[in-house]
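**Q** I am attaching a structure below and will ask some questions about it afterwards.
The values are calculated or read from the model by the stated rules, or taken from the named source; none is laboratory data. This is a predicted model, so every value here is computed, not measured. Neighbour counts run over all protein chains shown; Cβ positions are idealised from the backbone, glycine included. SASA here: full protein model, heavy atoms, side chains in, ligands and nucleic acids out. Shrake-Rupley method; radii C 1.70, N 1.55, O 1.52, S 1.80 Å.
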Amino acid sequence: MAMIDEPLYPIAVLIDELKNEDIQLRLNSIRRLSTIARALGEERTRKELIPFLSENNDDDDEVLLAMAEELGVFIPYVGGLEYANVLLPPLETLCTVEETCVRDKSVESLCRIGAQMREQDVVEYFIPLVKRLAAGEWFTARVSSCGLFHIAYSSAPEALKTELRTIYRQLCQDDMPMVRRSAATNLGKFAATVEAAHLKAEIMSIFEELTNDDQDSVRLLAVEGCGALGKLLEPQDCVAHILPVIVNFSQDKSWRVRYMVANQLYELCEAVGPEPTRSDVVPAYVRLLRDNEAEVRIAAAGKVTKICRILNPELAIQHILPCVKELSADSSQHVRSALATVIMGMAPVLGKDATIEQLLPIFLSLLKDEFPDVRLNIISKLDQVNQVIGIDLLSQSLLPAIVELAEDRHWRVRLAIIEYIPLLASQLGVGFFDDKLGALCMQWLKDKVYSIRDAAANNVKRLAEEFGPDWAMQHIVPQVLDMINNPHYLYRMTILHAVSLLAPVMGPEITCSKLLPVVINASKDRVPNIKFNVAKVLQSLIPIVDQSVVEKTIHPCLVELSEDPDVDVRFFASQALQSSGQVMMSS
């Protein structure tokens, strides 16, 4: 008897839990649908589980969202593609609910199922579903239908294709702005499946209607589809149909639409080719760079390098550069920050002379900007300029500003400079580095901010790798080791960290003669934090030095630390002793 009842058990649990007041139980139950379907078998899943889910009108969006997600991957549990159509009814119901994220997930799952369905099933089940949703009384159904047309269209016979195009046009003219927005969002996907002849005749006229919509939210979504549509059309059609719309939109009364144009302009330039870009797009782009809304200027400034790459240098210098100069002194710090992120990329486009004459002054003004993010964005891209103008000019013009930033009051700016130092050092060479930047590297080891001290210790190691142990022994190691006597224990800890990083680079000889004595000395420090860091450093030195040094120097020191009154010191010392013990045992 128990054997007969067994298959009923999972569905009974599911139904109980799905009706439970506790949302967490209902959610868990939905997320276990695949397990339950496997237990029931394909036929009972089709005949009992799916109808039950279709009737389940749970009012909690989280449960509905989980159900929409699960059903999207349910084809194997209902018997494969042959029976995929049984999954459509519950998802169709979910496409009409009020919560947007549930509808979106349902549409996504329907698209996934529709893309796998056999062609005759798409015609028999999927296309009627799309038509029912498109004719739905509630706007939610019509909104959802817009995202399904691109799946339905490719499998439809000719007569149905014509009907689908007509229905889509009607959705684009719907009374509800939400439906028109959805139609505008999905136009690019639908257009990609439509034949070339209908693309020009019908889709472009739909696009033009959307671009003339009285709601700015619809117009800006139409703009968003410009790039996708432009790639589907021949360049000459793109110039005829899309370019005038974009140029017109660059003067739209809604700043959101102009913002979207600024974001999409580069994709459009790629679609129309260089000639129309020069004659039509550049004036529109210049307008956007000088827009009275900061958000639009931010979007336009972020594309300045990409647009310049399409133009020849003369045009960029003539039209774009004057705007860049204005933006570098813009009243909005966010505009200046967006410009600083990309402006370095203009150097290779404009060439050496124009960079020196026109761009360097802008770089310098941005490097001295009062807003730290602007300075940061310039610092992180300096190498792009170096490739164009060479290190001599870069060091003469920008290095004073870099030295100034090394002492910037914002620690993140100091951090960015530190991270850039090894690259700068390799480009400037040893001589130049010693004169100008050596002292700075030592200064950072005594910074008030831990992240700076930590980065400075890593910086010292990277410089030793770059210039070699001999140079480090002469210029870095003595100054670093002198700081171990600093009265502040946090600075002494930084030096211990620097020693542990330098040891592998310097090799066993220098580690034993110069670095190890300093660490052993620090084990007598009165601060427990220093002592347990000594134990950690000694543990890291064990693999580097000779075994005799471990036995004679490191091991006795660790034994002493393992008897320290402080519990943390004892803990780390005993950990290090295990390592030293293993080395001594292996001998």
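**Q** Between a residue in the range 513-526 that is under 12 Å from Leu541 (Cα atoms) and any residue that is open to solvent by less than 70 Å² (accessible area, probe 1.4 Å) and assigned to a loop (DSSP other than H, G, I, E, B), which pairs come within a Cβ distance under 7 Å, given they are 6 or more apart or on different chains?
**A** Leu516/Val545
**Q** Against the condition at pLDDT 75 or above, closer than 26 Å to Glu124 by Cα and under 38 Å from the mean Cα position of the chain (by Cα), how does Gly80 come out, does it pass?
**A** Answer is yes for this residue.
**Q** What number of residues within the range 160-191 are open to solvent by less than 20 Å² (accessible area, probe 1.4 Å), free of Cβ contacts under 8 Å to residues at least 40 places away in the same chain and closer than 22 Å to Met117 by Cβ?
**A** 3
**Q** Also: Looking at (1) at pLDDT below 85; (2) open to solvent by less than 20 Å² (accessible area, probe 1.4 Å); (3) of a type in the set (Gly, Ala, Ser), which one does Ser513 not meet, given that it meets all the others?
**A** Here Ser513 clears every test but (2).
**Q** Name the residue that is modelled with the highest pLDDT, counting only residues in the range 285-304 that are open to solvent by less than 10 Å² (accessible area, probe 1.4 Å) and β-branched (Val, Ile, Thr).
**A** Only one residue fits best here, namely Val296.
**Q** Just to confirm my filter: which helices (runs of 4 or more DSSP H) fall fully inside the range 149-197 and include at least 1 residues that are out of contact with any helix residue (DSSP H, G or I) (no Cβ under 7 Å at 6 or more places or on another chain) and not basic (Lys, Arg)?
**A** In the range 149-197, the matching helices (runs of 4 or more DSSP H) lie at 158-172.
**Q** Could you say which residue among Val519, Val499, Val527, Val505 is within 27 Å of Val449 (Cβ to Cβ) and touching a Phe, Trp or Tyr at 6+ places or on another chain (Cβ under 6 Å)?
**A** Val527
**Q** To continue, here is another question. Residues that are open to solvent by less than 20 Å² (accessible area, probe 1.4 Å), farther than 18 Å from Ala134 by Cα and not in a helix (DSSP H, G or I): does the range 201-208 have at least one?
**A** no
**Q** For the range 449-470, enumerate the residues that are in contact (Cβ under 8 Å) with a residue 24 or more places away in the chain and open to solvent by 20 Å² or more (accessible area, probe 1.4 Å).
**A** Val449, Tyr450, Ser451, Asp454, Asn458, Lys461, Arg462, Glu465, Glu466, Phe467, Pro469
**Q** A further question follows. Under 9 Å between Cβ atoms, at least 6 apart or on separate chains: pull out the pairs that start in the range 338-367 with a residue that is among the charged types (D, E, K, R) and end on any residue that is in a helix (DSSP H, G or I).
**A** Within 9 Å, the pairs are Lys352/Val388; Lys352/Ile389; Lys352/Leu393.
A quick yes/no check of all residues on (1) closer than 23 Å to Asp175 by Cβ; (2) open to solvent by less than 10 Å² (accessible area, probe 1.4 Å); (3) modelled with pLDDT of 80 or more:
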position	(1), (2), (3)
Pro76	no, no, yes
Thr93	no, no, yes
Lys105	no, no, yes
Ala115	no, no, yes
Arg142	yes, no, yes
Glu158	no, no, no
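**Q** Taking into account only those residues within the range 35-64 that are open to solvent by less than 50 Å² (accessible area, probe 1.4 Å) and aliphatic (A, V, I, L, M), which is farthest from Gln116 (Cα to Cα)?
**A** Val63
**Q** Can you pull out every residue in the range 534-548 that is touching a residue at least 12 places away in the same chain (Cβ under 8 Å), in a helix (DSSP H, G or I) and open to solvent by 30 Å² or more (accessible area, probe 1.4 Å)?
**A** Within the range 534-548, Lys536, Gln539, Ser540, Gln547 qualify.
**Q** Take the residues of the range 161-188 that are more than 12 Å from Arg142 (Cα to Cα) and of a type in the set (Gly, Ala, Ser): which is nearest to the chain's Cα centre (by Cα)?
**A** Filtering the range 161-188 for residues that are more than 12 Å from Arg142 (Cα to Cα) and of a type in the set (Gly, Ala, Ser), the one nearest to the chain's Cα centre (by Cα) comes out as Gly188.
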